[in-house]
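Have a look at the structure below before the remarks.
The values are calculated or read from the model by the stated rules, or taken from the named source; none is laboratory data. Please read these numbers as outputs of a predicted model, since none were measured by experiment. Neighbour counts are summed over all protein chains in view; Cβ atoms, including those assigned to glycine, are modelled from backbone coordinates with ideal geometry. Surface areas here come from the heavy atoms of the whole protein model, side chains and all, with no ligands, DNA or RNA. Shrake-Rupley method; radii C 1.70, N 1.55, O 1.52, S 1.80 Å.
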Amino acid sequence: MPKDRMERDNPGGPLLSMVIPVYEEQDNLPELYRRLCVVTNELLCDVEFVFINDGSRDRTPEILEEFARTDPRLRLVSLSRNFGHQAAVTAGLEAAHGQAIVVLDGDLQDPPEVIPQLLERWREGFDVVYAVRTKRKENIFKRAGYFLFYRVLKLISDTPMPLDTGDFCLMDRRVVDVMNAMPERARFVRGLRAYAGFRQIGLTYERDARYAGVPKYTFRRLVALALEGVVNFSTVPLRAVGWLAMVLLMLAVLAATVEVGLVMAGVSVAAVWLITTLLVFLGGLQIGAIAVVGEYVAKIFAEVKQRPTYILEEEAVASRVASRLTSSV
Ligand code: UDP
Ligand code: MG
């Protein structure tokens, strides 16, 4: 950690930020705050809680303001309406000042008691400590959906993606700086985190059930999130269209060759076969043309996202780790 950055961000010493997006979590907030206080009291470090109120219409903002009145560690970021979880996390990462930043949900599915272990790995020199779920306490369909999604994404993603890992994690300031500097609007936060690189490690934990209230991610929103992940981090679906065109064209050429051979050998070929071959050929050609256009669209998409081509490691690891150890975190 460069000294000037530490001083600019936090003149009083090292700081741990908790970024917590909340959307209508009035029944979870008191228990969440209580458990966060217990955990952070034992950490013996400066802490700031960055709560992002994502356009809640329940008592969430009042409860947060109540906490903030007595606790100067609380910082409230209020969005003008409900922009969604990923947008809320993004707002929180931009607002956080910490040298280390933890992202966790506001429904207690990410147990705050895991945070000391995340910090421990950070002090050892890891830049991203992401929490890996060993167990989920949700219904079988949701569990199967998540299971499949993470495996498919890992398989087809252009960026190495860890399995069974959501947004619950601890990140070093330099990782968050890199993510904040990525200008793309559609934020699949766990993907951007993977793209940022540096030293990343998983830490297993048991994901709890929601403490109170109902999930704010509806089925439709979960599908949208999954699509966001695939479209933003993989060109495989597009390539698959190209491969389909190739297969169709090859089939048509093969069939045409056989048919011409048969005709030349004096065997009559039914017109329906000739027409079918022509249709397959034309179909292949059209899908191929779409795939070619798609390749260019993908190139434009990649350019528009303006992700850095590479990210520098910057400083020597030894000095950076030393700065974490000398801190009271
Ligand atoms: N959330 C949010 N905005 C939304 C939806 C969810 O800030 O539009 C918050 C929510 O309050 C919670 C976290 O994001 O703290 C995860 O949401 P949820 O528990 O509904 O998702 P799930 O755990 O079912 O994936
Ligand atoms: Mg949840």
Alpha carbon convex hull of the chain, volume per residue in cubic angstrom: 170
Approximate spin-label separation E42-R57, in nm, with each point projected 7 Å along Cα-to-Cβ: 4.0
Accessible surface, per residue, of the chain when the full set of protein chains is kept, probe 1.4 Å, Å²: 52
Stokes-Einstein D in µm²/s, Kirkwood radius over Cα pairs - the stretch 190-329 at 4 °C with 1.567 mPa s viscosity: 61
For V102, residues with placed amide H under 5 Å, excluding near neighbours: S17, M18, V19, M171
Residues with amide H under 5 Å from that of I311, placed H, sequence gap 5 or more: none
With every protein chain in place, the chain: carbon and sulfur % of accessible area (1.4 Å): 65
For A96, distant residues with modelled amide H under 5 Å away: none
Heavy atoms of W273: accessible area, 1.4 Å probe, square angstrom to 10: 150
Stretch gain in nm, segment L163-H97, where the contour uses 0.36 nm per residue and the Cα spacing is subtracted: 20.9 nm
Taking the chain and dividing mean pair separation by its residue count, relative contact order in percent (alpha carbons under 8 Å, at least six apart): 20
Pair T134, T218: separation of 7 Å Cα→Cβ label points (nm): 3.6
Stretch gain in nm, segment T276-A181, where the contour uses 0.36 nm per residue and the Cα spacing is subtracted: 28.9 nm
Cα point-scatterer Debye curve for the stretch 184-268, base-10 log of I(q)/I(0) at q = 0.19 Å⁻¹: -1.07
Value of D in µm² per second that Stokes-Einstein yields for the stretch 116-234, Kirkwood Rh from Cα pairs, at 37 °C (0.692 mPa s): 215
Span-like helix ranges in the chain, DSSP H, alpha carbon extent 20 angstrom or more, Kyte mean at least 1.6: 236-264
Computed lengthening from R35 to I201, 0.36 nm per intervening residue step minus Cα-Cα distance: 57.3 nm
